[in-house]
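Peer 1: Quick one: structure below, then a few questions.
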2 protein chains.
Amino acid sequence: MASITFTDYASSATARLLPFTGTNFRSNGVVFFRRLVNPLSVRTTSFRSLTIRSSSTSPPVVTAAMGSEAVAKVIDGKLVTKKIREEITAEVSKMKDEIGVVPGLAVILVGERKDSATYVRNKKKACESHMNEQKILNAVSIEKDVDGFHPLNIGRLAMRGREPLFVPCTPKGCIELLHRYGVEIKGKRAAVIGRSNIVGMPAALLLQREDATISIVHSRTKNPEEITRQADIIIAAVGQPNMVKGNWIKPGAVIIDVGINPVEDSKSARGYRLVGDVCYEEACKVASAITPVPGGVGPMTIAMLLSNTLSSAKRINNLQ
Amino acid sequence: MASITFTDYASSATARLLPFTGTNFRSNGVVFFRRLVNPLSVRTTSFRSLTIRSSSTSPPVVTAAMGSEAVAKVIDGKLVTKKIREEITAEVSKMKDEIGVVPGLAVILVGERKDSATYVRNKKKACESHMNEQKILNAVSIEKDVDGFHPLNIGRLAMRGREPLFVPCTPKGCIELLHRYGVEIKGKRAAVIGRSNIVGMPAALLLQREDATISIVHSRTKNPEEITRQADIIIAAVGQPNMVKGNWIKPGAVIIDVGINPVEDSKSARGYRLVGDVCYEEACKVASAITPVPGGVGPMTIAMLLSNTLSSAKRINNLQ
């Protein structure tokens, strides 16, 4: 795990504290958002095997433009993220008006993780101190654990009848995409590929909380393609470029691809391009809906971090 | 959930505190053990589809005597429990000799649960006070949470690289039976039927920690028999008498039946008999090994509670 994020109202020697504003930029791991000019247009649709609820808040549907055979609709994380940031902006404005408080977010980076070359480069710059990840995590007050990584939050997430204070951002973003695109989860078979503490495991727990029947595929699974092929919903979070092939996918399945893997590409100015854990070119011909990489789950993670930060600030200030 | 158990060295107005002794009796929910006269005899075997490790500590193998077609070996919880209690007795004696301390176990019962008529009857007698289960659980120090039900323990159980202080007794007993009978878990497909906080969910987490590929079947699962039929290991913990039929079972699978369900039986003096979640008569003709009900998982739960209590006492007294 790479970054530890928490909210606070006090400044710290090791953490930068910045208020939310109305502009959109990144600085040292802290991300801001801006208000959108145009609301999302609305169109309803039905997918092949899963029931898609029509909703006045559903994002528009775009078919994956990877060739004439593509049937999958694109689950557009960027578009959904814009909508969510709008909603958060409105709530922050309201909060500021009502009690004069603006949520703050402080970030400590520990260790390394190659989610993307850019990310690693930035972290190397930002993070020279060597700290114990477990100690840091345990030291964060659970009320400020906006990453949702504290074992107490994970325990509550796993237990029926309990509520975590925060849900880890990336898996929360995956489920939010399914919700915003009206994908029915209850009673569906779901395969989660990867069992990491920060994505796979909590994603499986979240799907189970919504009454999906989950199977968790990992490095020791002998027949991953067989299990994956039974799933109505696939969440791939394993960090292996293009691992999930077209023949792993049940026709009409919905695919959430969490992977962000750099692969060499001499045509790119950077020398590499980013691909997911799912072979998009093949999957978009079989699935009913799929997230692109980049532009799928990636931006949702940051949006969910903002959402958790807002929740934390509201809770601490006794706002509903 | 019915009972909350914790260890303590101080007496309390609401809890009885009793030392471990060398006798075997139950009193108000507190269970003691006795030293066995004869060690378990040893025989090695191989099952049909799973690799069974030969081990000098394996219990003897008995074929399910339900008719000439029975192929399943009986996983004898009573026998394993005796062995474990022997081991615990030896450790407690050693602890007493070394530091003069004997582990103590105190029990508070809250609410109701129909695991068996006897159990409920005893609880009704013992438990008239109405208490909030969540508050009680949260008030128990994690160092004394020998039931392993605290969300912090569950969170650590779910997370890779983390260790819970205690593992919930019944699922721990299930895994212990698999271990003692040399059933290989790593890389195997496992179906857990039921997702309760006290059995199904932690059992799935434990199997995953041992590198099984888990699927969790529950009341919202549309095709439970199809998923169960793919499993090399089945843990049934759903509280439905004889729900898992013979045709739900892959030939050679190993079955751990957690269910203890009373069904009417006019031939019994009590008017009922206890059956599992698995139809034993059918399953024993298909599975390679199966726990009986009663005499399978049931006695293991108490043995694991003693094991957790011993661990707690050792940890508090800085013994390894």
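Peer 1: Test B:Lys222 against the stated conditions and say whether it is within 14 Å of chain A (Cβ to nearest Cβ) and under 21 Å from B:Lys73 (Cβ atoms).
Peer 2: Answer is no for this residue.
Peer 1: Can you work out which of the residues in the range A:78-124 that are in contact with an Asp or Glu (Cβ under 7 Å, 6 or more places away or on another chain) and in a strand (DSSP E or B) is modelled with the highest pLDDT?
Peer 2: Among residues in the range A:78-124 that are in contact with an Asp or Glu (Cβ under 7 Å, 6 or more places away or on another chain) and in a strand (DSSP E or B), the one modelled with the highest pLDDT is A:Gly104.
Peer 1: Just one of (1) more than 11 Å from chain A (Cβ to nearest Cβ); (2) surrounded by 23 or more Cβ atoms within 10 Å (Cβ to Cβ) trips up B:Ile136, so point out which.
Peer 2: Exception for B:Ile136: condition (2).
Peer 1: Every residue in the range B:158-170 that is in a helix (DSSP H, G or I) and small (Gly, Ala, Ser), please.
Peer 2: Selection gives B:Ala158 alone.
Peer 1: Among the residues in the range A:242-256, are any more than 10 Å from every other protein chain (Cβ to nearest Cβ), surrounded by fewer than 24 Cβ atoms within 10 Å (Cβ to Cβ) and among the aliphatic types (A, V, I, L, M)?
Peer 2: Yes, that holds for at least one residue.
Peer 1: A further question on this structure: For the range A:182-219: of the residues being more than 9 Å from chain B (Cβ to nearest Cβ) and in contact (Cβ under 8 Å) with a residue 60 or more places away in the chain, which is nearest to A:Glu133 (Cα to Cα)?
Peer 2: Among them, the one singled out is A:Ile198.
Peer 1: Select, from A:Ile198, A:Ile185, the only residue that is at pLDDT 95 or above, part of a loop (DSSP other than H, G, I, E, B) and within 25 Å of A:Asn242 (Cβ to Cβ).
Peer 2: Going through A:Ile198, A:Ile185 in turn, just one is at pLDDT 95 or above, part of a loop (DSSP other than H, G, I, E, B) and within 25 Å of A:Asn242 (Cβ to Cβ): A:Ile198.
Peer 1: Next question. Which is part of a helix (DSSP H, G or I), within 13 Å of chain B (Cβ to nearest Cβ) and either modelled with pLDDT of 95 or more or surrounded by 23 or more Cβ atoms within 10 Å (Cβ to Cβ) (or both), of A:Gly173, A:Gly148, A:Gly155?
Peer 2: Only one candidate passes the filter, namely A:Gly155.
Peer 1: While we're on this one: Out of (1) in contact with an Asp or Glu (Cβ under 9 Å, 6 or more places away or on another chain); (2) within 11 Å of chain A (Cβ to nearest Cβ), what's the single condition that is false for B:Ala236?
Peer 2: In the conditions (1) in contact with an Asp or Glu (Cβ under 9 Å, 6 or more places away or on another chain); (2) within 11 Å of chain A (Cβ to nearest Cβ), B:Ala236 misses (2) alone.
The values are calculated or read from the model by the stated rules, or taken from the named source; none is laboratory data. No experiment lies behind these values; they were computed from the predicted model shown. Using ideal geometry, Cβ is built from the backbone for each residue, glycine included, and neighbour counts are taken over all protein chains shown.
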